[in-house]
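Structure first, then comments.
The values are calculated or read from the model by the stated rules, or taken from the named source; none is laboratory data. Model, not experiment: these values are computed from the prediction. Note that we place each Cβ from the backbone using ideal geometry, even for glycine, and neighbour counts take in every protein chain shown. For the accessible areas, the whole protein counts, side chains as well, though only heavy atoms, and no ligand, DNA or RNA atoms are used. Shrake-Rupley method; radii C 1.70, N 1.55, O 1.52, S 1.80 Å.
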Amino acid sequence: QVQLVESGGGLVQAGGSLRLSCAASGRTFSSYTMAWFRQAPGKEREFVAAIRWSGGNTYYEDSRQARFTMSRDNAKNTVYLQITSLKPEDTALYYCAGIDYYCSGSGCYRAGTYSYWGQGTQVTVSS
C-alpha cells in the first residue's frame, strides 16, 4: 500500500554534494521506519542509513557516517539523504526502503527486513 519514489540523483564531480529525496505515499504510520541502501554493479546491496518516522533514532554505516546524513520531514512524508564530499566510490544506485514498524537490532541493517522499495536513483561521481 506504500509507494516510495526517490529523486535527486545525478552526475556530480568528486567533492560535491547531493541531497536525495524519498517521497512516501499511501497508508503510512507513525511507527514507519525508512532506510537508504545502495548497490553498485556487481556488488551486493548495502545499508547506508535508517531513521524512525517518529523519535530521534538514526543509524549509519560506520565508514560513511561522517559524510551521510539522513533526515525526515513528516509533514511532507519525505526522507532525505544528504551526501557531502562525494567520492567516485559512492557511485551506485541508491534505493529508498521502508517498513511499517520500528525495527531494532541488526535487522535494521538487512535489506530483507524492508517491505517497501523505490525504483532507485542513480548517483554517479566523476573524478
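Summary of computed values
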quantity: Which numbered condition residue 82 fails, given (1) under 22 Å from residue 2 (Cα atoms); (2) touching a Lys or Arg at 6+ places or on another chain (Cβ under 6 Å); calculated: (1)
quantity: Filtered residues of segment 90-114 (kept if in contact (Cβ under 8 Å) with a residue 60 or more places away in the chain, hydroxyl-bearing (Ser, Thr, Tyr) and surrounded by fewer than 20 Cβ atoms within 10 Å (Cβ to Cβ)); calculated: 101, 102, 109
quantity: Qualifying positions in segment 74-89 - surrounded by fewer than 21 Cβ atoms within 10 Å (Cβ to Cβ) and either within 11 Å of residue 12 (Cβ to Cβ) or over 12 Å from the mean Cα position of the chain (by Cα) (or both); calculated: 74, 75, 76, 77, 84, 85, 86, 87, 88, 89
quantity: Complete set of residues in segment 1-38 that are closer than 13 Å to residue 96 by Cα, open to solvent by 20 Å² or more (accessible area, probe 1.4 Å) and not in a strand (DSSP E or B); calculated: 8, 9
quantity: Qualifying positions in segment 74-126 - among the small types (Gly, Ala, Ser) and more than 14 Å from residue 51 (Cβ to Cβ); calculated: 75, 85, 92, 105, 106, 107, 111, 112, 115, 118, 120, 126
quantity: Failed condition for residue 43, given (1) within 19 Å of residue 8 (Cα to Cα); (2) free of Cβ contacts under 8 Å to residues at least 60 places away in the same chain; (3) out of contact with any Ser or Thr (no Cβ under 9 Å at 6 or more places or on another chain); calculated: (1)
quantity: Residue count for segment 39-61, restricted to those that are within 19 Å of residue 94 (Cα to Cα), open to solvent by 30 Å² or more (accessible area, probe 1.4 Å) and not in a strand (DSSP E or B); calculated: 6
quantity: The one condition in (1) in contact with a Gly (Cβ under 9 Å, 6 or more places away or on another chain); (2) in contact (Cβ under 8 Å) with a residue 60 or more places away in the chain; (3) aliphatic (A, V, I, L, M) that residue 79 fails to fulfil; calculated: (2)
